[in-house]
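Student: Please see the structure below; I have some questions.
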Amino acid sequence: MRVRTARVPYSTPGPISIMLRFFKIIIGSGFAVVLILIAIVSIRTLSLDVNAGLQLAHWEKTSNISLDIDHHKREEVISKFKEAIRIPTVSFSSTEINTTALVRFNLLLQRAFPTIFSSNLVHHELVANYSHLFWVPGSQSNLMPYLMLAHIDVVPATESDGWVVPPFSAQEIDGFIYGRGTIDDKSSLMGILQALEYLLIKGYAPRRGFYIGLGHDEEISGYKGAMSIVRLLQQRHVQLSFVLDEGLAVLDGVISGLKGPAALIGVSEKGSATVKLSVSTPPGHASMPPRESSIGILAAAVKRLEENPMPRLFGYGPERATFEHLAHKFNYPMKLILSNLWLFSPLIGRFLEQKPDTNAFVRTTTAVTVFNGGVKTNVLPSLAEAYVNLRIHTAQSLQEVLDLIQYTVGDHRVNIELIEGFDPLPVSSSDETSYGFQIIKKTVLDMFPTVVVAPGICVGNTDSRHFKALTTDIYRFIPLWFKPGDAKRFHGINERISRKNYEELILFYSRLIQNCDIQKLPEPHTTLHEL
């Protein structure tokens, strides 16, 4: 007997049902993505500490000659430093430098550091009349040498600018020595030579050879001093392990929210360009003006440049590594955000661009520095000119910046001319295999154990940019301690350094020279956690 089963009619899902299923899938997927993102962000926040790698590693032992600077020596080194500050080695322009002062400075060096100039170990030569090159050969010629740079010249300064003391008096107030060059760059110059002088007196002879270069025209681009030193080294087929020059410093209380001081070692420099904008129109009488004058056309072009800044590029240059190295020294939520710049870079970029001093790390900056037009109140000017200074982000090239200026101005009546310029400097290595960076970092931590060390970017330019053909690694750092407001003293009024900090510079360079006798870096104690 057959039993027939009734067929249940099949009902096709309606559009509402399909949409509900679709939304459930979307919501479920979105929820899963959010959970994954939260997990990644949390893991990176808790584990990311890019400073840990070599700090606990076993470093090779080197000589450890301690420079005990007693009261007598302290007064001696301070006296020499003050004498250096009192010599006004000013570079006014590319055609005007104080050569008399440069000759006096040369004589001071010979008098202040007799052991260096008389030692059979040190080879010295005068370069381009006023610059200096010292060569200290090492006992192991297979170790690639390095170079420490500083410069003799300073920018102009007059007491009427608002200095509390005459700018070349080297007077002391409350433990600080005031004077042009105390920061930029005679503290570094005298500190390097004083360290070498004391090491030689104590019988030190390096394993790794090194050079000391002192340029005399860095403030006017170093075309005669530093570049002459470069040509000399190229003729001798010298290749360098690394170069150390002025640049960044130890920032104490400068970075808002950061717990403790940070030593930033410059691994690159922004490029630079000077661009002239000009507009030519027929001259005429002011009583019969055209709809637009040369000044008006040019002013409109300048306004467009200021209203349309260069693109935000935070995260595409060394500034990303800077914040990742510092992230673990912030409290929440900044610690979480800075540990996850792969996600939050746009947010940080928008925050940093709000202030001029941090905006410089975010993009190529545009500054109109000169505007000329008109000769008489009742005459229409035939020519108006403006000069624009640009500091080029490491993620851009000079040509890209020029193309953007042309596009932004957007007016064929405005002539755009590049006066001078160069691309950003290559980014030097800063990982755990980077000899120069890790030796400098070790020296900083030997001196200042509580400091966090991070790579950084120099917004200004130094003599070191001329040495890129001799090495792939150029670093810019002096262990100067900057408190809030001190950066304004650089090229500004009331430039100063404390007696204690100058002494620290001497000890730093002494340790650095001895640390450079390490033949190779140790294996990392831990590996960087990457996601």
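Student: Could you grab the pairs with beta carbons closer than 6 Å, sequence gap of 6+ or different chains, first residue in segment 193-208 and over 23 Å from I152 (Cα atoms), second one open to solvent by 10 Å² or more (accessible area, probe 1.4 Å) and in a loop (DSSP other than H, G, I, E, B)?
Tutor: Going by the 6 Å Cβ cut-off, the qualifying pairs are K202/I65; Y204/I65; P206/G138; R207/G138; R207/S139; R207/Q140; R208/G138; R208/L143.
Student: Still on this structure, I have one more. Checking Q239 against (1) open to solvent by 30 Å² or more (accessible area, probe 1.4 Å); (2) within 20 Å of L338 (Cα to Cα); (3) of a type outside the set (G, A, S), which single condition isn't satisfied?
Tutor: (2)
A quick yes/no check of all residues on (1) within 21 Å of G191 (Cα to Cα); (2) of a type in the set (D, E, K, R); (3) within 26 Å of the chain's Cα centre (by Cα):
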residue: L109; (1), (2), (3): yes, no, no
residue: I116; (1), (2), (3): yes, no, no
residue: P137; (1), (2), (3): yes, no, no
residue: P145; (1), (2), (3): yes, no, yes
residue: I152; (1), (2), (3): yes, no, yes
residue: A157; (1), (2), (3): no, no, yes
residue: V164; (1), (2), (3): no, no, no
residue: P167; (1), (2), (3): yes, no, yes
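Student: Just for segment 306-332: of the residues that are touching a helix residue (DSSP H, G or I) at 6+ places or on another chain (Cβ under 7 Å) and open to solvent by 80 Å² or more (accessible area, probe 1.4 Å), which one is farthest from V254 (Cα to Cα)?
Tutor: N308
Student: If you don't mind, there's one more thing I want to ask. Evaluate the following for P381: is it at pLDDT below 95 and over 19 Å from M310 (Cα atoms)?
Tutor: Spelling it out, P381 is indeed at pLDDT below 95 and over 19 Å from M310 (Cα atoms).
Student: What are the pairs with Cβ atoms under 7 angstrom where one residue, in segment 488-511, is under 25 Å from E219 (Cα atoms) and the other, located anywhere, is open to solvent by 50 Å² or more (accessible area, probe 1.4 Å) and part of a loop (DSSP other than H, G, I, E, B)? Sequence gap at least six, or different chains.
Tutor: Sorted first by the residue in segment 488-511, then by its partner, the pairs are N494/V164.
Student: May I pose another question? With S397, S339 as the choices, which residue is among the small types (G, A, S), more than 30 Å from T471 (Cβ to Cβ) and out of contact with any Phe, Trp or Tyr (no Cβ under 8 Å at 6 or more places or on another chain)?
Tutor: S339
A quick yes/no check of all residues on (1) out of contact with any strand residue (DSSP E or B) (no Cβ under 9 Å at 6 or more places or on another chain); (2) in a strand (DSSP E or B); (3) not hydroxyl-bearing (S, T, Y):
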site: L240; (1), (2), (3): no, no, yes
site: L244; (1), (2), (3): no, yes, yes
site: V254; (1), (2), (3): no, no, yes
site: G257; (1), (2), (3): yes, no, yes
site: V267; (1), (2), (3): no, yes, yes
site: V279; (1), (2), (3): no, yes, yes
site: P282; (1), (2), (3): no, no, yes
site: P289; (1), (2), (3): no, no, yes
site: I295; (1), (2), (3): no, no, yes
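Student: So which strands (runs of 3 or more DSSP E) are wholly in segment 449-531 and hold at least 1 residues that are closer than 19 Å to S430 by Cα and open to solvent by less than 10 Å² (accessible area, probe 1.4 Å)?
Tutor: 452-458, 474-482
Quick grid of which residues meet (1) open to solvent by 30 Å² or more (accessible area, probe 1.4 Å); (2) free of Cβ contacts under 8 Å to residues at least 12 places away in the same chain; (3) under 15 Å from N129 (Cβ atoms):
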position	(1), (2), (3)
D70	yes, yes, no
E75	yes, yes, no
K80	yes, no, no
I85	no, no, no
V90	no, no, no
S93	yes, no, no
I97	yes, no, yes
A101	no, no, yes
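Student: Okay, moving on. Tally the residues that are surrounded by fewer than 16 Cβ atoms within 10 Å (Cβ to Cβ) and of a type in the set (A, V, I, L, M, F, W, C), restricting the search to segment 149-164.
Tutor: The total comes to 1.
Student: Could you list all residues from segment 323-333 that are under 18 Å from F361 (Cα atoms) and out of contact with any Leu (no Cβ under 7 Å at 6 or more places or on another chain)?
Tutor: The one that is under 18 Å from F361 (Cα atoms) and out of contact with any Leu (no Cβ under 7 Å at 6 or more places or on another chain): H325.
Student: Given the structure, is L258 over 22 Å from A386 (Cα atoms) and touching a residue at least 24 places away in the same chain (Cβ under 8 Å)?
Tutor: So L258 fits the description; yes.
Student: Looking at segment 242-252 only, could you name the residues that are open to solvent by 20 Å² or more (accessible area, probe 1.4 Å) and either within 15 Å of the chain's Cα centre (by Cα) or at pLDDT below 95 (or both)?
Tutor: Selection gives G247, L248, L251.
Condition check ((1) more than 15 Å from the chain's Cα centre (by Cα); (2) among the hydroxyl-bearing types (S, T, Y)) across all residues:
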site	(1), (2)
N461	no, no
R465	no, no
T472	yes, yes
G485	yes, no
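Student: Right, another one. Criterion first (aromatic (F, W, Y), open to solvent by less than 20 Å² (accessible area, probe 1.4 Å), at pLDDT 95 or above and on the phi < 0 side of the Ramachandran plot) does Y146 satisfy it?
Tutor: Values: aromatic (F, W, Y): yes; open to solvent by less than 20 Å² (accessible area, probe 1.4 Å): yes; at pLDDT 95 or above: yes; on the phi < 0 side of the Ramachandran plot: yes.
Judged against the criteria, Y146 is a match.
Student: Residue check: is T394 over 30 Å from L298 (Cα atoms) and within 20 Å of the chain's Cα centre (by Cα)?
Tutor: In short, no.
Student: Name the pairs: first residue in segment 215-228 and closer than 14 Å to E420 by Cβ and open to solvent by 10 Å² or more (accessible area, probe 1.4 Å), second residue of a type in the set (G, A, S) and at pLDDT 95 or above, Cβ to Cβ under 6 Å, at least 6 apart or on different chains?
Tutor: Partner pairs satisfying both residue conditions: I220/S91.
Student: Have a look at E269, E218 and point out the one that is over 30 Å from V103 (Cβ atoms) and out of contact with any Phe, Trp or Tyr (no Cβ under 9 Å at 6 or more places or on another chain). Give the steps one after another, and end with the answer.
Tutor: Working: E218 fails: over 30 Å from V103 (Cβ atoms).
One residue alone meets the criteria, E269.
Student: Here's another thing I want to ask about it. Just need a number here: residues in segment 253-290 that are more than 32 Å from the chain's Cα centre (by Cα) and among the β-branched types (V, I, T).
Tutor: 2
Student: Then there is this: If you go through segment 91-118, how many residues are hydrophobic (A, V, I, L, M, F, W, C) and in contact with an Asp or Glu (Cβ under 7 Å, 6 or more places away or on another chain)? First the steps, then the outcome.
Tutor: Start the filter on segment 91-118 by keeping residues that are hydrophobic (A, V, I, L, M, F, W, C), which leaves 92, 97, 101-103, 105, 107-109, 112-113, 116-117.
Still in the list and also in contact with an Asp or Glu (Cβ under 7 Å, 6 or more places away or on another chain): 97, 108, 113, 116.
Total meeting the criteria: 4.
The values are calculated or read from the model by the stated rules, or taken from the named source; none is laboratory data. Here the structure is a predicted model, which means the values were calculated and not measured. Neighbour counts run over all protein chains shown; Cβ positions are idealised from the backbone, glycine included. Heavy atoms of the whole protein, side chains included, go into the accessibility calculation; ligands, DNA and RNA do not. Shrake-Rupley method; radii C 1.70, N 1.55, O 1.52, S 1.80 Å.
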